[in-house]
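Nothing in this text is a laboratory measurement; each read-out follows from the coordinates by a stated rule. Nothing here was measured: the structure is a model prediction, and the numbers come from that model. FYI the Cβ positions are ideal-geometry reconstructions off the backbone, even for glycines, and counts take in every protein chain you see.
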Amino acid sequence: MGLPYQRPNILCRTFTSPRVEKVIEEMTEKMIDKDLARLFENAFPNTLDTTVRWHVDGTVKHTELKARGGGREMGKWEGAQSFVVTGDINAEWLRDSTNQLLQYQPLAKSDKKIFNLILGAINTQAEYIIESPYCNAFQPPAPSKLSTTQNGQDDYVHPLYEPSFVFECKYELDSLANFLALGNTFYAHTKSLDFLTPRWYKALETLLVVLDQQSQPTFDPDTSRFMKNTYTFSRNTNQGTETLPLSGVGNPLNAKTGLIRSAFRPSDDATILGYYIPANAMMAVELKKLSEVLRAAKNLVLAQDLERRAQVINDGVWKYGVVNHGGLKVFAYEVDGYGGQVMMDDANVPSLLALPILGFVDKQNQVYQNTRKLLLSKDTNPYYLEGQDFHGIGGI
């Protein structure tokens, strides 16, 4: 096909790594299909080439902090920092930045530049979560002195957030799980505990508060009184997927399920039923992994707490997230704990199809195999797409 070379000039690249360049050279030499080699050459370094808008290795002290997200709090924005944009928007999504850096994680042990880039990404995400744990996308950090971008939407969100710090505030459980995944994967490849700073521990504490708040039901199980959720989101829009029903609260959820509410999906579309099973599965996995990291750090009390939390969510997924459909046990996409269920999947991660990749189940697990068969059938999946050269799951 004669695919063109599409990397930016080296002077215009946002981050460079000799180790990454060596990987590209080694891989492209081995590939017989030269079109595939060109695709790899263009795509593998794209995050480094185009999306690392700001990075410091921790040796420079920030003497000037603007009001937006700046402040004088001890340790704030110290150490390595990395601002990684999604690509088309000058803002960082927690989920996206974690996955954009995923292919470089195996190189962190042997490349100090990559090590500091990923360490910086963990530190930056920690600052975002400390300040606005319910939000999913963030503005450039104040020390970067980069300009902010407004999303152009008319949103009413509680808890309130600072627009110069936050780009969008859709609460997505998988965003928090991806923050944990970024650190867990870094440790898995480097065995380094450098990211366990006081600020990271504060971010984890903040994250756990959100999990506690979002495990609360809609109605008090003893008095049946309505309990308004800590998080509410309303947007002036004619798209139902862009806002939550019932004045921004979301549809009712039952008590004592062990599951955690998610207002939005990783697609940034609103959930229909707030117990979004893929994100709960991912959170259970990452909490368990993190408990093992903290054991290595000799923080046994916190490790035990995270292991307990992971087990509660895991049990909730198996008890409420596995339903009977057509005579088979399958994973539901979303549930409410009352028996309501949404049967679908979308082309994203986390997803039901991705449960083995997330580490939640073995791919041979019968419930997973039943679910896979269901989701890949055009008779049962409402977002099944089929064309001349393609068939499978789509999204909205």
Separation of the Phe40 and Asn365 label points, Cα + 7 Å toward Cβ, nm
3.2
Among Arg13, Arg309, rank each residue by its count of other Cβ atoms within 10 Å, from fewest to most, as a rough exposure measure.
Arg13, Arg309
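How large is the helix-only mean residue ellipticity at 222 nm for the chain, computed as the sum of -39500 (n - 2.57) over DSSP H runs with n ≥ 4, divided by its residue count, in deg cm²/dmol to the nearest 500?
Working: 12 runs with 148 residues, N = 396.
-11500 deg cm²/dmol, from helical runs alone.
Over the Cα atoms of the stretch 133-260, what is the Rg over Rh ratio if Rh follows Kirkwood? Can you show the working numbers first?
On the way: Rg = 17.2 Å, Rh = 16.9 Å.
Rg/Rh for the stretch 133-260 comes to 1.02.
For Ala354 and Glu205 in one chain, what is 0.36 nm times their gap in residues minus the Cα-Cα distance, to one decimal in nm?
On the way: separation 149, 0.36 × 149 = 53.64 nm, distance 2.78 nm.
Gain on stretching Ala354 to Glu205: 50.9 nm.
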Once both labels are modelled 7 Å past Cα along the beta-carbon direction, what's the Thr86-Gln103 spacing in nm?
2.0
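Per the Kirkwood formula on distinct C-alpha pairs, the Rh of the stretch 297-396 is how many angstrom?
On the way: mean 1/r = 0.0664 Å⁻¹.
It works out to 15.1 Å.
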The list [x] 1.07; [y] 0.92; [z] 1.01 gives values of Cα Rg over 2.2 N^0.38 Å, and only one came from this structure; which label was calculated from it?
[z]
Excluding residues fewer than 8 places away in the same chain, name every one of the lysines whose C-alpha is closer than 21 Å to that of Lys34.
Lys22
What lysines could a cross-link reach from Lys289, if we take a straight Cα to Cα line under 28 Å and drop same-chain neighbours fewer than 8 places away?
Lys76, Lys109, Lys112, Lys113, Lys170, Lys191, Lys202, Lys256, Lys298, Lys319, Lys329, Lys363
Set of aspartates and glutamates with alpha-carbon distance to Lys145 below 19 Å, sequence-local pairs under 8 removed
Asp57, Glu64, Glu73, Glu78, Glu92, Glu127, Glu131, Glu162
Which distance in nm do the two modelled labels at Glu292 and Gln6 give, with both placed 7 Å along the Cα-to-Cβ direction?
3.7
Starting with the fewest neighbours, write out Asp220, Asp345 ranked by other beta-carbon atoms found within 10 Å of each beta-carbon.
Asp220, Asp345
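If you rank Ile10, Ile122, Ile130 by fewest surrounding Cβ atoms within 10 Å, what's the result? Could the numbers behind the result be given before it?
Values: Ile10 9, Ile122 27, Ile130 18.
Fewest-to-most ranking of Ile10, Ile122, Ile130: Ile10, Ile130, Ile122.
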For the stretch 168-198 and the stretch 341-396, what is the centre-to-centre distance using only Cα atoms, to the nearest Å?
26
What percent of all Cα-Cα pairs in the stretch 214-393 falls in each 10 Å bin, counting up from 0?
10, 33, 34, 19, 4, 0
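Calculate the FRET efficiency for Asn151 and Ser192 from the Cβ-Cβ distance with a Förster distance of 30 Å, rounded to the nearest 0.05. Spell out each step's value before the answer.
Numbers: r = 35 Å, r/R0 = 1.17.
Computed FRET efficiency for Asn151 and Ser192: 0.30.
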Compute the orientation-averaged projected area for the stretch 51-186 from the convex hull of its Cα atoms and round it to one decimal in nm².
8.0
Cys in the chain lacking any partner Cβ under 4.7 Å -> Cys12
Using mean Cβ contacts within 10 Å as the protection proxy, how do 278-285, 261-268, 236-243 order, highest first?
278-285, 261-268, 236-243
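Could you calculate the contour length gain from Thr50 to Gln239, that is, 0.36 nm times the residue separation minus the distance between their Cα atoms, to one decimal place in nm?
Roughly 64.9 nm would be gained on extension.
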